[in-house]
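Just so it is clear, none of the values below were taken in a lab; they were calculated from the coordinates. Model, not experiment: these values are computed from the prediction. Here the Cβ positions follow ideal geometry from the backbone for every residue, glycine too, while neighbour counts run over all protein chains shown.
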Amino acid sequence: MVPSKDQHILIVGAGVFGLSTALHLVQGGYTNITILDREAVPSSHSAGNDLNKIVRAEYEDPFYTELALNAIQEWQTPFWSDFYRPTGYLLATSINAPQKARETIKKSFASIKDHPRFPAGSFSPVDSLNDIKKYIPELQGKMEGWSGYLNRYAGYARAAKALEYTAKICLGLGVKFITGEDGYATEILFGSEYKGKQVCVGVKTASGLVHTASRTILCLGAHVGTLLPNVTQQVTAKSWAVAHIQLSPEEVAMMEGCPVVNCRDLGFFFEPDEDTGLIKLSANGAGYTNITSNAGTQASVPTSSNEGIPKEDEELIRRLIQEAMPQFSRRELVNKFICWCGDTSDSDYIIDYVPRTIGLLVVAGDSGHAFKMLPVAGKWVQRVLEDGEQSIGRWRWKYGKEKSDDISWRVGQVKDIKDVEFSSPRSRM
Ligand code: FSA
């Protein structure tokens, strides 16, 4: 049944999916929306709470290419453009990259190279140092054996700032935000059964408050399994290392306009942030789980502290700096943390009503490629909310699917975070 526009809609989680959902619903005429989160936006528990995130439309899977192109169109509109930087995107492999990394670049390029929605002249193959110097003079490294392409119809989003802005707009349009213990949902509440299904009536929070609603939408990113344990059959919390280097104003001027550089077998970085002069870097890999006992089963859920990064990732980031920007190779890495995502085996999101329940939806499985969809994702959620079901097969709740950690577009092996050494002292779970 289509919910009437004045029914109470509860959104649990004020990250990318939660805020986008609130925005689309409030713009779509819903008048009674509450968002809960344990922290104010941008929450340190949200993967989107980051200096910047890649915005690109090449995917191994053309389904997402179309969605990302819709998102890029939105990022360029006056509503979003303050938070979008169309710097372009270099996707490459380094000299010793595994074949898998080379293959994923070929597949990604195939999804966009003749695509009619890309402006003419968007792409340039990059197969030599000469090519890199010609297209990206900001890079001073030798980048020996780097090969890939430059996509000019891409860039990055100023992530945390975009979240703050979305929250501000939602607030202005009447969305209610409840944060802290009163907004920290710890239990899903079910009332009576109807036709063999449990009717969700809302959530209870850490402070003991009860929030009731006619629809409850869980948008908890990597944390979703802590509230909805059976979703961990499909969503695995995995983390990736993030670090920054500080540039002086002169150095910022030299690096300004540099495309996002993503070396599939090392890591990626962005132009320096215009306010802080920080370059954000991240290591590419298969991700780290935190397998732990969760509601009676063994599942990966985020650690309680995000601080510090694995030593092996710090080495990858150092190699990336050495190869691409050797002038900064001795620079200290600052603000190091691990970023938790909710991974599915096929990298498909899950946007669906939770089976055998009524009134409960889950929006999860970001799979580390959802931030760019901030301007459009809420529209997909609104459709499911109103249709009463998910018509897109790949975004349905999937039963009994064999879980796999071998994600086609990532290199390396998944490890558990408890088994790796950290580069600097770090408080443990
Ligand atoms: O959509 C994107 O290009 C984001 S990829 C960034 C990343 O760190 C991945 O490289 C990583 O594999 C994981 O998915 C988290 O996000």
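Summary of computed values
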{"read-out": "Dipole of the chain [Lys/Arg +1, Asp/Glu -1 at C-beta], most positive-end residue of Trp397, Ser304, Thr236", "value": "Trp397"}
{"read-out": "Rel. contact order, % - alpha carbon contacts under 8 angstrom, at least six apart, region 228-338", "value": "34"}
{"read-out": "Region 34-133, dipole about Cα centre (Lys/Arg Cβ +1, Asp/Glu Cβ -1), debye to the nearest 20", "value": "280"}
{"read-out": "Acute angle (nearest 10 degrees) that the helix 159-172 long axis makes with the longest principal axis of the chain, alpha-carbon atoms", "value": "30"}
{"read-out": "CD proxy at 222 nm, helix term only [per DSSP H run n ≥ 4: -39500 (n - 2.57); per residue of the chain; nearest 500]", "value": "-7000 deg cm²/dmol"}
{"read-out": "Selection from Tyr184, Pro355, Trp340, by position along the positive dipole direction of the chain (Cβ)", "value": "Pro355"}
{"read-out": "Long-range amide H partners of Asn32 with built H, under 5 Å", "value": "Ile9"}
{"read-out": "Qualifying aspartates and glutamates (Cα of each under 13 Å from Cα of Lys398; at least 8 residues distant if same chain)", "value": "Asp346, Asp348, Asp352"}
{"read-out": "FRET efficiency, 1/(1 + (r/R0)^6) with R0 22 Å, evaluated for Asp61 and Glu103 via beta carbons", "value": "0.95"}
{"read-out": "Qualifying aspartates and glutamates (Cα of each under 15 Å from Cα of Lys142; at least 8 residues distant if same chain)", "value": "Asp127, Asp131, Glu323"}
{"read-out": "Cα long-axis angle, helix 16-27 against the chain (0 to 90 degrees, to the nearest 10)", "value": "60"}
{"read-out": "Proximal lysines relative to Lys161, as straight alpha-carbon distance under 30 Å, when same-chain residues fewer than 8 apart are discounted", "value": "Lys5, Lys53, Lys176, Lys204, Lys238, Lys280, Lys311, Lys336, Lys372, Lys379"}
{"read-out": "Stokes-Einstein D in µm²/s, Kirkwood radius over Cα pairs - the chain at 10 °C with 1.306 mPa s viscosity", "value": "72"}
{"read-out": "Placed amide H near Gly368: partners under 5 Å, 5+ positions off or other chain", "value": "Gly342"}
